[in-house]
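See below for the structure under consideration.
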Amino acid sequence: MFVSFGEIMLRLSPPGHERLLQARSFDAAFGGGEANVAVSLAQFGITSRFVTALPPNDLGQAALNALRGWGVDTSHILRNGDRLGIYFLEHGASQRPSTVTYDRKGSSIGEIDPSALDWEQILAGAKWFHFTGITPALSPNAETACRDAVEAAKRLGLTVSCDLNYRRKLWSKERAGRVMSSLMGAVDVLLANEEDCQSVFGIAGEGSDVEAGQIDRRRYEQVAQKLTDRFDFQSVAISLRESYSASRNGWSAMFYGSGSSFFSDPVDIDIVDRVGSGDAFAAGIIYGYLRGMPPQEIVDFAAAAGCLKHSMPGDFNIASLAEVQALVAGGGSGRVQR
């Protein structure tokens, strides 16, 4: 069983590629880093439990229903607080980037009582625990609850993964570096992208321009080695994105472990919705681990999962296991399936 802990929010987006200033209606969905991973793994046939706090009102119930609808175990979600966090997503196009506006202050998880979570019970029978750098950034209470979860998972012998997911609108680089460094001692598998490694730990790939999206594979091997040397990770997985525009990206990935690097083949992606692609990649890495795949198969599967997420609106990657496997096998032509 897989368990993750974090925030799920209501996502509101103007239809099509309208700007927030133009919007007279919004498309509604739910999403959040750790919830996205749980949903994706549930589609792959992994028993997935998501832990959070939701307000005891209709919005909280709608979020709960969305998770249940995709097969996620919600039995340990707390119902407390007054509100569900919201984020507004304006989809970018061409050279105009996507933008996110948060309205999450005072959300239920930010005001969570850490003592209300019995992690020994929540994690009983689980093999894997996952969190992201978003959760400890939300509030001191959320940070404490996240730390309690990580420590319990380590004590119980679970594999622990973390996606750095640095969000500059939530905390400073300095505070992120301090808090995340203090949690890394319990982490076995680190997931990141080039920008997060630089922002949180000051580790960058020489010769790589984050804004321009230029990728030099050799430099990312150095990044993974530096991360492993500093924190003694079992493995590091890095998604590699070349940003040609908001509408088209190059996409590939690296998996590093035991001093060896494995890369997926690069692909160019026409983007429908890139939000949640890193979480789909994380779910692919975790699935590969849980199924005992060799490193090259892990990174190929994870990169394919992340690739497919770019084609789907909403935060959740609802690609099936068969669809990801087909893409890995070369079925990426986009021809109609009859």
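Could you tell me whether F255 is in contact with a Ser or Thr (Cβ under 8 Å, 6 or more places away or on another chain), surrounded by 24 or more Cβ atoms within 10 Å (Cβ to Cβ), over 21 Å from Q43 (Cα atoms) and at pLDDT 95 or above?
On the way: in contact with a Ser or Thr (Cβ under 8 Å, 6 or more places away or on another chain): yes; surrounded by 24 or more Cβ atoms within 10 Å (Cβ to Cβ): yes; over 21 Å from Q43 (Cα atoms): yes; at pLDDT 95 or above: yes.
In short, yes.
Every test in (1) among the polar types (S, T, N, Q); (2) open to solvent by less than 10 Å² (accessible area, probe 1.4 Å); (3) touching a strand residue (DSSP E or B) at 6+ places or on another chain (Cβ under 6 Å); (4) without any contact (Cβ under 8 Å) to a residue 60 or more places away in the chain is passed by Q296 save one, and that test is (2). Looking only at residues in segment 18-62 that are among the charged types (D, E, K, R) and under 23 Å from F88 (Cβ atoms), the one that is farthest from the chain's Cα centre (by Cα) is R24.
State yes or no: is I269 without any contact (Cβ under 8 Å) to a residue 60 or more places away in the chain, in contact with a Phe, Trp or Tyr (Cβ under 7 Å, 6 or more places away or on another chain) and crowded, with 16+ Cβ neighbours inside 10 Å? So that I can check it myself, show each step before the final result.
Details: without any contact (Cβ under 8 Å) to a residue 60 or more places away in the chain: yes; in contact with a Phe, Trp or Tyr (Cβ under 7 Å, 6 or more places away or on another chain): yes; crowded, with 16+ Cβ neighbours inside 10 Å: yes.
Here the answer is yes, as I269 does meet what is asked.
Taking (1) among the β-branched types (V, I, T); (2) modelled with pLDDT of 95 or more; (3) in contact with a Phe, Trp or Tyr (Cβ under 6 Å, 6 or more places away or on another chain) in turn, I285 satisfies each apart from (3). Could you go through segment 106-124 and let me know if any residue there is under 25 Å from D27 (Cβ atoms), open to solvent by less than 40 Å² (accessible area, probe 1.4 Å) and part of a strand (DSSP E or B). Within segment 106-124, not a single residue is under 25 Å from D27 (Cβ atoms), open to solvent by less than 40 Å² (accessible area, probe 1.4 Å) and part of a strand (DSSP E or B). For segment 139-179, the tally of residues that are open to solvent by less than 50 Å² (accessible area, probe 1.4 Å), over 22 Å from L54 (Cα atoms) and of a type in the set (S, T, N, Q) stands at 2. Restricting attention to segment 322-337, the residues being at pLDDT 95 or above and either open to solvent by less than 40 Å² (accessible area, probe 1.4 Å) or of a type in the set (V, I, T) (or both) number 2. Residues in segment 125-141 that are in contact (Cβ under 8 Å) with a residue 60 or more places away in the chain and in a helix (DSSP H, G or I): 2 in all. Within 28 Å of H17 (Cα to Cα), open to solvent by less than 40 Å² (accessible area, probe 1.4 Å), in contact (Cβ under 8 Å) with a residue 60 or more places away in the chain and not in a loop (DSSP other than H, G, I, E, B): is that true of L84 in this structure? So L84 fails the test. Filtering segment 179-194 for residues that are of a type in the set (A, V, I, L, M, F, W, C), under 16 Å from the mean Cα position of the chain (by Cα) and part of a loop (DSSP other than H, G, I, E, B) leaves a non-empty set.
Here is a yes/no grid of residues against (1) closer than 20 Å to L321 by Cα; (2) open to solvent by 30 Å² or more (accessible area, probe 1.4 Å); (3) not polar (S, T, N, Q); (4) not in a loop (DSSP other than H, G, I, E, B):
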site: A28; (1), (2), (3), (4): no, yes, yes, yes
site: A35; (1), (2), (3), (4): yes, no, yes, yes
site: A38; (1), (2), (3), (4): yes, no, yes, yes
site: I46; (1), (2), (3), (4): yes, no, yes, no
site: P56; (1), (2), (3), (4): no, yes, yes, no
site: L59; (1), (2), (3), (4): no, yes, yes, yes
site: L64; (1), (2), (3), (4): no, no, yes, yes
site: H76; (1), (2), (3), (4): no, yes, yes, no
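The values are calculated or read from the model by the stated rules, or taken from the named source; none is laboratory data. All values reported here derive from a predicted model rather than from experimental measurement. As a convention, Cβ positions derive from the backbone with ideal geometry for all residues, glycine included, and neighbour counts pool all protein chains shown. We work out accessible area using only protein heavy atoms, side chains counted, and drop any ligands, DNA or RNA first. Shrake-Rupley method; radii C 1.70, N 1.55, O 1.52, S 1.80 Å.
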